[in-house]
Amino acid sequence: MTTHARTKLGTYVLGDALTGIPRRIKTDSVKLTFTSPPGIHQTPFFKERDTKGYLIWLNQVLPVLTEVTKPSGWIVLSQANAKQHGEVITTDVTFTEGLRALGWTLKEERILVRNGTDAVNLYVNTWQHFLAFTQTGKVPIRAKQGRWVRDVWVYKHEQRHNQPIWPQSFVQMVISALTKKGDLVLDPFAGVGPVLAGAYHTERRYLGFEIDRKYWNPKLQFSSGLL
Ligand SMILES: C[S@@+](CC[C@H](N)C(=O)[O-])C[C@H]1O[C@@H](n2cnc3c(N)ncnc32)[C@H](O)[C@@H]1O
């Protein structure tokens with residue numbers, strides 16, 4: 001039995017995104033899939049030192065996301081390339097090539113600088129790739145008039161349970177740029193839920209998944225805004 005928390009705009013599920021998404025969302029219903037996929041250290045592949053298995057798993061995630069995201073919508077992935085067991089794992093390449101094979105194009109690329117909260121032994125860099133994929137979508141003019149035009153976005157990250165989390169200023173900027181009120185936003189790997197909170201505060205519907213009870217936060221409470 002899965003556990004979930006509901007607000008008037010959305011649902012936050014404690015469970016596995018890969019099995020949960022097809023059960024809960026119809027094909028082509030999501031306007032924006034926005035997530036930071038788990039690094040290898042947040043998956044069982046880490047203990048087994050199974051980098052190949054981790055990359056195969058990431059490639060299984062991608063078609064689950066393309067199935068439910070509208071062709072005119074967006075899949076936005078932002079993650080730091082992590083160094084594990086002496087190897088830099090270039091997931092930005094995995095995402096770009098995997099999604100290209102599924103017919104999705106990398107349309108926008110930014111560098112997201114995470115100001116100061118990362119453990120330096122865990123990540124290669126204190127920045128993340130911000131990669132925005134679509135099939136037929138166009139970045140709206142309103143986004144191009146704001147912070148969207150910058151190549152590098154610098155944000156001071158907040159910290160929860162030893163995980164850096166995206167601040168609301170960043171999350172809401174992306175959601176406002178790529179969706180309209182009432183659109184459905186999906187975060188399959190929601191952590192403590194900053195994307196879900198951002199969707200809520202900008203009046204978008206949302207669906208989130210988190211597999212680890214330690215991070216799943218049914219009250220969706222953040223220092224940057226309480227629901
Ligand atoms: C990089 S973190 C997300 C961080 C989030 N953006 C935040 O700011 O809190 C990735 C999350 O995915 C979760 N996760 C790993 N495998 C999962 C799965 N199969 N289904 C759902 N969540 C999963 C991890 O527990 C972790 O919290």
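The values are calculated or read from the model by the stated rules, or taken from the named source; none is laboratory data. Small disclaimer: the values here were computed from a predicted structure and weren't measured. We place every Cβ from the backbone using ideal geometry, glycine too, and count neighbours over all the protein chains shown.
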For Leu55: the one exception among (1) more than 14 Å from the ligand (Cβ to nearest atom); (2) on the phi < 0 side of the Ramachandran plot; (3) surrounded by fewer than 17 Cβ atoms within 10 Å (Cβ to Cβ): (3)
Meets criteria (more than 10 Å from Leu131 (Cβ to Cβ) and in contact with a Phe, Trp or Tyr (Cβ under 7 Å, 6 or more places away or on another chain)) for Ala82: yes
First in region 137-149 and surrounded by 14 or more Cβ atoms within 10 Å (Cβ to Cβ), second anywhere and in a loop (DSSP other than H, G, I, E, B), Cβ under 7 Å, 6 or more apart: Trp148/Val139
Contacts under 7 angstrom Cβ, first residue in region 33-54 being touching a residue at least 60 places away in the same chain (Cβ under 8 Å), partner charged (D, E, K, R) and near the ligand (Cβ under 9 Å from one of its atoms), 6 or more apart: Phe34/Asp187; Thr35/Asp187
Filter pass, Phe95 being closer than 23 Å to Leu55 by Cβ, assigned to a strand (DSSP E or B) and at pLDDT 95 or above: no
Residue pairs meeting the criteria (Cβ under 7 Å; at least 6 apart or on separate chains; first basic (Lys, Arg), in region 78-98; second surrounded by fewer than 21 Cβ atoms within 10 Å (Cβ to Cβ)): Lys83/Val124
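Going through region 67-88 one residue at a time, which ones are away from the ligand (no atom under 13 Å from the Cβ) and crowded, with 21+ Cβ neighbours inside 10 Å?
Val68, Thr69, Gly73, Trp74, Ile75
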Qualifying residue in region 113-131 (condition: more than 13 Å from the ligand (Cβ to nearest atom), more than 21 Å from Val13 (Cα to Cα) and modelled with pLDDT of 95 or more): yes
